[in-house]
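Colleague: Handing you a structure now.
The values are calculated or read from the model by the stated rules, or taken from the named source; none is laboratory data. Everything numeric here is computed off the predicted structure, so don't read it as measured data. Positions of Cβ are generated from backbone atoms using ideal geometry, with glycine treated the same way; all protein chains shown enter the neighbour counts. Protein only, heavy atoms only, side chains kept; ligands, DNA and RNA dropped before computing areas. Shrake-Rupley method; radii C 1.70, N 1.55, O 1.52, S 1.80 Å.
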Amino acid sequence: MDVAIVKYNAGNIFSVVNALRRLGIEPEITDEAEKLQKADHVLFPGQGNAKTTMAYLREHRLDQLIRDLRQPVLGICVGQQLMCRHSEEGDVDCIGIFPTDVRLFRPETADEKVPAMGWNSLYDLSTPLFEGIKERDYVYFVHSYYVPTCDFTIARADYVQPYSAALHKDNFWAAQFHPEKSGKVGEQLLSNFLNMK
């Protein structure tokens, strides 16, 4: 199986590489259009700032390239956020696959810290991405911004308010949490994604 990871100025890519290797996959990290277009599956992971990351993607024409991919694509963490229409982080227009905006958590109590960091449970799971994963299973999050629930939400989590833990539209899938850091649940999700056609 030919699996590509989008190479750009974001952190956390190598933990995704290691998670895929545990599944017997040796991915290629690349920003080359031909390699990304030819891959069976593409992952778009990362941690970083939305504004500077979008500037990099536009400079290297990766924003349009990602939008035009036709094979299964999985955005992770900031990858999910950059696949949305707009982000409050830097007030920047993003790739625009999901017609919804990314917002900053605004805590209402002293107990609600930003970033939201640690294990949280998922619910309202749908689509084959969550096959074999149970309602209220726990996964690992680190984020200050979130995607509100919308027509494309396929899993929810609660922090300050309910939000989209995962999204799906056409051949595009996205997770706000880190499957590569989420133990057996995350491994199951990555396996499910790799089985998508």
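Colleague: Can you list the residues, at least 5 places off or on another chain, whose amide H is less than 5 Å from the amide H of Leu43, using H built in the peptide plane?
Modeller: Correct list: Ala4, Ile5, Val6, Leu74.
Colleague: Of the DSSP beta bridges with both residues in the chain, give the percent that are antiparallel, rounding to the nearest 5.
Modeller: Given both bridge residues lie in the chain, the antiparallel proportion sits at roughly 60 percent.
Colleague: For segment 74-85, just list the computed ³J(HN,Hα) in residue order, Karplus coefficients 6.51, -1.76 and 1.60, θ = phi - 60°, integers in Hz, with x standing in for Gly and Pro.
Modeller: Couplings: 10, x, 10, 6, 5, x, 4, 5, 6, 7, 8, 7 Hz.
Colleague: Please state the shape class of segment 66-151: rounded when a/c is under 1.5, otherwise prolate if a/b exceeds b/c and oblate if not, all from the C-alpha gyration tensor.
Modeller: Oblate shape, in that a/c is at least 1.5 and b/c is the bigger or equal ratio.
Colleague: Mind listing the Cα extents of segment 1-48 along all three principal axes, in Å, largest one first?
Modeller: 26, 24, 10
Colleague: If DNA, RNA and ligands are ignored and the probe is 1.4 Å, what is the ranking of Arg85, Arg67 by accessible area, most exposed first?
Modeller: Arg85, Arg67
Colleague: Quickly estimate the mean residue ellipticity at 222 nm for the chain, helices only: each DSSP H run with n ≥ 4 gives -39500 (n - 2.57), and the total goes over all residues, rounded to 500.
Modeller: -7000 deg cm²/dmol
Colleague: Would you grab the residues whose amide H sits under 5 Å from the one on Val92? Only those 5+ places off in sequence or on another chain, please, with H modelled 1.01 Å from N.
Modeller: Ser87
Colleague: For segment 1-98, give the share of DSSP beta bridges that are antiparallel, in percent and rounded to the nearest 5; count only bridges with both residues there.
Modeller: In segment 1-98, approximately 25 percent of DSSP beta bridges are antiparallel ones.
Colleague: Here is a further query. Hey, what did segment 33-135 get for relative contact order, percent, Cα under 8 Å, at least 6 apart?
Modeller: Once normalised by length, the contact order is 22 percent.
Colleague: Using +1 at the Cβ of each Lys and Arg and -1 at the Cβ of each Asp and Glu in segment 6-128, identify which of Gly24, Val92, Leu74 lies farthest towards the dipole's positive end.
Modeller: Of the listed residues, the answer is Gly24.
Colleague: May I ask which of Lys7/Lys113; Lys113/Lys184; Lys7/Lys134; Lys169/Lys197; Lys38/Lys197; Lys7/Lys38 have a Cα-Cα span longer than 22 Å here?
Modeller: Among Lys7/Lys113; Lys113/Lys184; Lys7/Lys134; Lys169/Lys197; Lys38/Lys197; Lys7/Lys38, the Cα-Cα distance tops 22 Å for Lys7/Lys113; Lys113/Lys184; Lys7/Lys134.
Colleague: While we're on this one: Would you mind checking which residues have amide H under 5 Å from Ile154's amide H? H placed 1.01 Å from N; only 5 or more apart, or other chain.
Modeller: Hits under the 5 Å cutoff: Ala166, Leu167, His168.
Colleague: Is segment 37-89 best put as rounded, prolate or oblate by its Cα gyration tensor, with a ≥ b ≥ c the root eigenvalues, rounded for a/c under 1.5, and otherwise prolate when a/b is larger than b/c, oblate when not?
Modeller: Cα axes put segment 37-89 in the prolate bin.
Colleague: Keeping all protein chains in place, calculate the accessible area per residue for the chain (probe 1.4 angstrom), answer in Å².
Modeller: That works out to 45 Å² for each residue.
Colleague: I'd like the Karplus ³J(HN,Hα) series for segment 140-152: coefficients 6.51, -1.76, 1.60, θ = phi - 60°, whole numbers in Hz, and an x wherever there's a Gly or Pro.
Modeller: 9, 10, 8, 6, 9, 10, 9, 9, x, 5, 7, 5, 9
Colleague: What length, rounded to one decimal in nm, is gained on full extension from Arg67 through to Val142, with 0.36 nm per residue of separation minus their alpha-carbon distance?
Modeller: So the chain would gain 24.5 nm between Arg67 and Val142.
Colleague: If you don't mind, another one. Compute the relative contact order of the chain as a whole-number percentage, counting only Cα pairs closer than 8 Å that sit 6 or more residues apart in sequence.
Modeller: The value is 19 percent.
Colleague: Thr52 to Met117: FRET efficiency via 1/(1 + (r/R0)^6), r the Cβ-Cβ distance, R0 22 Å, to the nearest 0.05?
Modeller: Between Thr52 and Met117 the formula returns 0.55.
Colleague: For segment 1-139, what class follows from the C-alpha gyration tensor (a ≥ b ≥ c being the square roots of its eigenvalues): rounded when a/c is under 1.5, otherwise prolate if a/b is larger than b/c, else oblate?
Modeller: oblate
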